[in-house]
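*Asks:* Before we start, here is the structure in question, set down as structure tokens.
The values are calculated or read from the model by the stated rules, or taken from the named source; none is laboratory data. Because the structure is a prediction, the values reported are computed rather than measured. Cβ placement follows ideal geometry from the backbone for every residue including glycine, while neighbour counts extend to all protein chains displayed.
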């Protein structure tokens, strides 16, 4: 049961993390996140320093793979994917953009987006966020989302692996719908709070080659009562190719937190 | 290399399959399919008896897992899924409905749909049909599609596993889009031939609980030149709950075969 015990401290500096008393379990044992004030409080790790809106926070991930942040580079990422990641991380430095951590259990993503504190560890569940369901790096969805709150935009870097095939050699329409769904819902969760997708309308303009790197861009167009209208665009990193366009109607739940 | 040799014969009766000279490899070694005349010719197995439009054909699947037909019951299927499967298989007996075999490599699915003969085995590929990407039975997409050619309809029995999660406990919108995409494209491929999805518009009416069994129904509404308009519906097996409605615009490629 020792592995379920987690340190009660978090480092808010770039220094090496404080020791949690656990044996390090490789490179994934520690993560340094650049976090906004809405970032969820994790078990035993206070991630919401009110005096420090955007801070680098090192967290211990020794509890389980559930808390592994998948929105960070791994060996399967291509040079183009890494270059784009570094470009956006650079834009995160002044707080204009924020990288959104991503887990394989959706409750942690939602907590991340909504700034809620999860209760202490529940029982293990088989359920996984659909877009994090492939275990082997590079075979499924490789993606990371960044948010610009002031512009109400979310941008996703997406490198589709070979398990996402639809037409031979190209990405399945359902895979495109999945990253768009994540991204458009991310817009709602990051800017207002809980929401449900009511309508998703996708126009496929050009097939996406497996293994390429594309940008998925979403923004909030307008809000009328509980109706939020969002739009999405899937394009090549150089902007030369439009792969898909989308609009979505999102129904907002009771807003628990607003960043607007 | 012995495993790559496949028998050149196919049984068109309900009798036990002829021996292929290979050692049987468990229950998955043989499959008896109820096939229409468009069913693809597999390597060394003639599956298109012109004089027998709907026939039971037994094929040897000893070459590789690529040729495993995933649209057949496995231990993860619930009683409701099996009951629905048996009901549709009963309707297949007079040829009104046909079960559509499904493989994890999309080229075999397309061949199945279009009645093409694939060349002898190419090199192994990592790519997989997105909706067959989860290896463990029951965790991902469990589904089987049936086609009614005279009514230009395709119906899919769908049991979403825990790896398809979106909202906690419910199916991800991208998973719903994926089965709808498959089903709506199946309509085009089965009734006309090659096609590409141009627009997919989904209205989500009610969240689908993980592990439930739903019916996905698609039909061709009209064809104008190369534009095919199709509609889809996701509902509970008792028809009491509508989970999603969809429309799609499909662009037909050069038609290689028409069943209309």
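*Asks:* Assess whether residue A:109 counts as being at pLDDT 90 or above and either within 19 Å of the chain's Cα centre (by Cα) or facing chain B (nearest Cβ under 7 Å) (or both). Even if it seems obvious, please write down each step before you answer.
*Replies:* Values: at pLDDT 90 or above: no; either within 19 Å of the chain's Cα centre (by Cα) or facing chain B (nearest Cβ under 7 Å) (or both): yes.
No; evaluated as a whole, the condition is false for this residue.
*Asks:* Take residue B:169 and decide whether it is modelled with pLDDT under 95, within 13 Å of chain A (Cβ to nearest Cβ) and under 22 Å from residue A:133 (Cα atoms).
*Replies:* yes
*Asks:* Tell me whether segment A:211-223 contains one or more residues that are under 30 Å from residue A:82 (Cβ atoms), surrounded by fewer than 24 Cβ atoms within 10 Å (Cβ to Cβ) and within 14 Å of another protein chain (Cβ to nearest Cβ).
*Replies:* Scanning segment A:211-223, I find at least one residue that is under 30 Å from residue A:82 (Cβ atoms), surrounded by fewer than 24 Cβ atoms within 10 Å (Cβ to Cβ) and within 14 Å of another protein chain (Cβ to nearest Cβ), so the answer is yes.
*Asks:* Same structure, new question: Across segment B:172-187, what is the total count of residues that are at pLDDT below 95 and more than 13 Å from the chain's Cα centre (by Cα)?
*Replies:* 0
*Asks:* Determine whether residue B:228 is within 15 Å of residue B:154 (Cβ to Cβ), more than 17 Å from the chain's Cα centre (by Cα) and not in a loop (DSSP other than H, G, I, E, B). Talk me through it step by step, then tell me what you get.
*Replies:* Values: within 15 Å of residue B:154 (Cβ to Cβ): yes; more than 17 Å from the chain's Cα centre (by Cα): yes; not in a loop (DSSP other than H, G, I, E, B): yes.
Against the criterion (within 15 Å of residue B:154 (Cβ to Cβ), more than 17 Å from the chain's Cα centre (by Cα) and not in a loop (DSSP other than H, G, I, E, B)), residue B:228 qualifies.
*Asks:* OK, next. Could you tell me whether any residue of segment A:242-254 is under 30 Å from residue B:125 (Cβ atoms) and surrounded by fewer than 16 Cβ atoms within 10 Å (Cβ to Cβ)?
*Replies:* Yes: one or more hits.
*Asks:* Moving to a separate point now. Of the residues B:174, B:140, which is without any contact (Cβ under 8 Å) to a residue 24 or more places away in the chain, closer than 21 Å to residue A:170 by Cα and within 11 Å of another protein chain (Cβ to nearest Cβ)? Write out each step before concluding.
*Replies:* Numbers: B:140 fails: without any contact (Cβ under 8 Å) to a residue 24 or more places away in the chain.
Answer to the check: B:174.
*Asks:* As an exercise: evaluate residue B:193 against (1) modelled with pLDDT of 95 or more; (2) at positive phi and give the number of the one condition it does not meet.
*Replies:* (1)
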